[in-house]
Amino acid sequence: MALAYKIGSLLFCPECGTLLSRPKDSADSIICEQCRHEEPASSYDNIVITTRSHPDAFPSALRQKRKTQTKFHDKGDQGTLVSEKCPACGHMEAYSKEMQLRSADEGSTIFYTCASCKHGWRVNN
Ligand SMILES: [Zn+2]
Ligand SMILES: [Zn+2]
C-alpha cells in the first residue's frame with residue numbers, strides 16, 4: 001500500500017497527490033476528495049517525511065503531481081492574508097506566499113492556502 005506523503009505540515013494523497021484534509025478528532029481515516037483513497041488518520045502521527053534528496057520515494061506519476069503542488073510553508077509561517085477566491089470552497093480569503101522555485105529568470109510562484117478549508121494551490125507569475 002502506498003504511503004501518504006507530507007510536505008511541511010500538509011499531508012498529500014499517495015494515489016493522486018491531492019492535499020488531504022486533516023482528520024476530525026473522532027475519525028480514524030481521511031478520504032481523498034479527488035480519488036476516494038482512504039488514508040488512515042494515523043498517517044498524521046506516523047508520517048513519511050520526504051525531501052528532494054529522496055525523489056525515488058515517489059512513483060513517477062506522483063512526482064509529476066508533486067511538481068504542481070510543491071513545497072508548502074510550515075505552520076506559523078503561512079504567509080499574507082489576501083483576497084483570493086478558493087477554488088475548492090469559494091472562500092474569499094487565502095494566505096499567499098511567493099517563492100522562487102524555478103530559475104531566477106523564470107519568475108516566481110505564488111502559493112495560496114485557503115483560510116477556510118486549507119486547500120492549497122499555486123499560481124505562476
Ligand atoms: Zn487521491
Ligand atoms: Zn477553501
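Laboratory data are not the source of any read-out in this text; all were calculated from the coordinates shown. Because the structure is predicted, anything quoted here is derived from the model rather than measured. Cβ: placed from backbone, ideal geometry, glycine included. Neighbour counts: every protein chain shown.
Summary table
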| quantity | calculated |
| --- | --- |
| 10 Å binning of all Cα-Cα separations within the stretch 80-124, expressed as whole percents from 0 upward | 32, 46, 19, 3 |
| Ordering of 89-99, 111-121 by burial proxy (mean other Cβ atoms within 10 Å per residue, highest first) | 111-121, 89-99 |
